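Working notes, beginning with the structure itself.
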Amino acid sequence: MSRPITIEDVRVILTQPGSARLAVVKVITSEPGLHGVGCATFTQRIHAVAAAIEHHLKPFLLGRDVARIEEIWQMSMVHGYWRNGPVLNNAISGVDQALWDIKGKRANMPVYDLLGGKCREAANVYVHADGPTPSDVADRVKSSMDDGYRYVRVQQGMYGGNTETFVQPEGAPPGAYFDPKRYRRDTLTMLEHVRAEVGDDVELLHDVHERLHPADAISFAKAVEPIGLYFLEDLLAPEDLAWFERVRAACSTPLAMGELFNHPSEWQTVAEQKLVDFLRMHVSQMGGITPARKAADLAHRHGLRTAWHGPADTSPVGHAANLHLDLWAPAFGIQEWYQPSDLDRTVFPGLPEVRNGYLYPNDAPGLGIDVDEALAAEYPIVDGVEQWTQTRLPDGSPVRP
Ligand code: MG
């Protein structure tokens, strides 16, 4: 038997060519010239992920056989005894995706072939349309339709809506204030206007971003039912999953959930109990391709579809990983897409491309993407205290962002 190819080095590359701090892992192997890349981006706690890899995962991984992805994933998850947290899951994802990339390169196959082969040639994607007024949002949807997109997520004033017109108590601290009542009213008006303006052929999506109390969430899901959304996203927080049964009883609005999930029991519960229609975990946040392909199979068995989280704070490497899962998964629904810049494409050669609303792979072996380390180093991450996540209700109470 030939000697195994082993892990020689694990490098964390932190870079910020765009708005988001990104973490990419590069696994160097004992085979000259053979390496893999994976996404480990938890942008708000990026140094903690880098430290988890550098100080905890790397010493454990050096010298291990790169072929044994499953065993490495399982042991990485329990090796620290406490598990399933966002920092550790992202760290493990960086290594996991890199090992899938390496396995594909060794097999001379794209990762979608390793997973079982394509169910489709390309993935339908949705993009974001946001604006201060209903007509601005409608104009942006039309512009996306002109660019070939058939699925558009619509928000007015981003998460929580416009926030100018409510009374704060004296001495209220600074923060990202929003008014849930105003948000519900304005969003319903916006959705009705946009649907009337753009017609029924385009699919519309909306993200509540878990900003409503459960009772208000139920009435909101029911109120938007006539709009015919493709899905309503994060109507409730992971902490409020039990309320989904009442939403189901009240209306048929399709529901999507998962970007905040950490633990397999969360996606197992919503799938087995049919509480939502789309699983949309953040693939690095759940630990990489290894758990994601199992969750995609779970979705298929329970009549749900996949819709992996794909904003600008998923790295281009993570977007490539999403696409390989999308091309294979029998129950794929839709892929969120962030419309990368030319610079993103230079720092990350091989980034998948959209044509006519479909995201296509480049069919190179592995994930088909790499990182230009020298160029990435020219765009170091910028540290700062996140403002938009310091969310408050009109009376100043802190709430989930
Ligand atoms: Mg979301």
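Three semi-axes describe the equivalent ellipsoid of segment 114-366; taken as square roots of 5 times the Cα gyration tensor eigenvalues and ordered largest first, they are 29, 22, 18 Å. Compared with the alpha-carbon gap, the fully stretched path from residue 67 to residue 397 is longer by 113.8 nm at 0.36 nm per residue.
The amide H of residue 128, built 1.01 Å from its N in the peptide plane, has 153 as neighbours under 5 Å, considering only residues 5 or more places off or on other chains.
Averaged over every viewing direction, what's the projected area of the C-alpha convex hull for segment 212-271? Give it in nm², one decimal, please. Please list the in-between numbers first.
Working: hull surface 15.5 nm².
Result: 3.9 nm².
Sorting the segments 313-326, 224-237 by their residues' average number of neighbouring beta-carbon atoms within 10 angstrom, most packed first, yields 313-326, 224-237. Taken about its Cα centre, segment 19-113 carries a charge dipole of about 220 debye when Lys and Arg each add +1 at the Cβ and Asp and Glu each add -1 at the Cβ. Only one residue of 257, 213, 292 has its Cα farthest out toward the positive end of the dipole of segment 114-366, where Lys and Arg carry +1 and Asp and Glu -1 on Cβ, and that residue is 292. Give the angle, between 0 and 90 degrees and rounded to the nearest 10, that separates the Cα long axis of helix 69-79 from the longest principal axis of the Cα atoms of the chain. Once rounded, one gets 70 degrees.
Which angle between 0 and 90 degrees, to the nearest 10, do you get for helix 316-328 versus the longest principal axis of the chain when only C-alpha atoms count? In the chain, helix 316-328 runs at an angle near 90 degrees to the longest axis.
Subtract the Cα-Cα distance of residue 379 and residue 216 from 0.36 nm times their separation in residues, and report this length gain in nm to one decimal.
Details: separation 163, 0.36 × 163 = 58.68 nm, distance 4.30 nm.
Result: 54.4 nm gained on full extension.
Amide H contacts of residue 366: 104, 105, 109, 111, each under 5 Å away and 5 or more positions distant or on a separate chain (H built 1.01 Å from N in the peptide plane; Pro and chain starts excluded).
To the nearest 0.05, what FRET efficiency results for residue 120 and residue 84 with a Förster distance of 22 Å applied to their C-beta separation?
FRET efficiency, residue 120 to residue 84: 0.10.
List the chymotrypsin sites (Phe, Trp or Tyr not before Pro) within segment 34-85 that DSSP assigns to loop and that have no more than 15 neighbouring Cβ atoms inside 10 Å.
Values: sites: 42, 60, 73, 81, 82; in loops: 42, 81, 82.
The qualifying sites are 81, 82.
Over segment 113-181, what per residue volume does the convex hull of the Cα atoms give, in whole Å³? Present the calculation step by step, with values, prior to reporting the outcome.
Numbers: hull volume 10.8 nm³, N = 69.
Spelled out: Cα convex hull of segment 113-181, divided by residues, is 157 Å³.
The phi-based Karplus calculation (6.51 cos²θ - 1.76 cosθ + 1.60; θ = phi - 60°) puts the 3J(HN,Hα) values of segment 101-109 at 4, 5, 4, x, 5, 5, 7, 6, 10 Hz, whole numbers, x for Gly and Pro. For q values of 0.13, 0.18 Å⁻¹, compute log₁₀ I(q)/I(0) with the Debye formula on a Cα-only model of segment 77-152, without solvent. With one equal scatterer per Cα and no solvent, log10 I(q)/I(0) is -0.74, -0.84.
Remark: segment 197-259 carries a charge dipole of roughly 340 debye about the Cα centre, counting +1 on each Lys and Arg Cβ and -1 on each Asp and Glu Cβ. Counting only DSSP beta bridges with both residues in the chain, the antiparallel share comes to about 45 percent.
Dipole of the chain computed with +1 at Lys/Arg Cβ and -1 at Asp/Glu Cβ about the Cα centre; of 320, 17, 204, farthest Cα towards the positive end is 320. Each residue of segment 284-296 was assigned a 3J(HN,Hα) from its phi angle through the Karplus expression (A = 6.51, B = -1.76, C = 1.60, θ = phi - 60°), giving 6, 5, 8, x, x, 5, 4, x, 5, 5, 5, 5, 5 Hz with x at Gly and Pro. Pairs spanning more than 20 Å between alpha-carbon atoms, out of 58/294; 58/105; 181/222: 58/294; 58/105.
Using θ = phi - 60° in the Karplus curve 6.51 cos²θ - 1.76 cosθ + 1.60, the 3J(HN,Hα) couplings for segment 166-171 round to 10, 8, 9, x, 4, x Hz; x is entered for Gly and Pro.
Extension gain residue 136-residue 167, at 0.36 nm per residue separation less the Cα-Cα distance, in nm?
Between residue 136 and residue 167, full extension yields an extra 8.5 nm.
Taking segment 246-261 and a reference point 7 angstrom along Cα→Cβ of residue 225, the backbone N atoms nearer than 16 Å belong to 246-255.
How big is the dipole moment of the chain about its Cα centre under a simple scheme where the beta carbon of each Lys and Arg is +1, that of each Asp and Glu is -1, and everything else is neutral? Debye, nearest 20, please. Please list the in-between numbers first.
Details: 37 positive and 53 negative charges, 194 e Å.
With only Lys, Arg, Asp and Glu charged at Cβ, the dipole is about 940 debye.
In straight-distance terms, cross-link reach from residue 118 covers every one of the aspartates and glutamates whose alpha-carbon lies under 15 Å from its own, apart from those fewer than eight places away in the same chain; here that gives 297, 326, 363.
Read-outs throughout are calculated quantities, based only on the coordinates presented, and are distinct from any laboratory measurement. The structure presented is a predicted model; accordingly, all values stated were derived computationally and were not measured. Glycine gets a Cβ as well: all are built from the backbone with ideal geometry, and neighbour counts include every protein chain shown.
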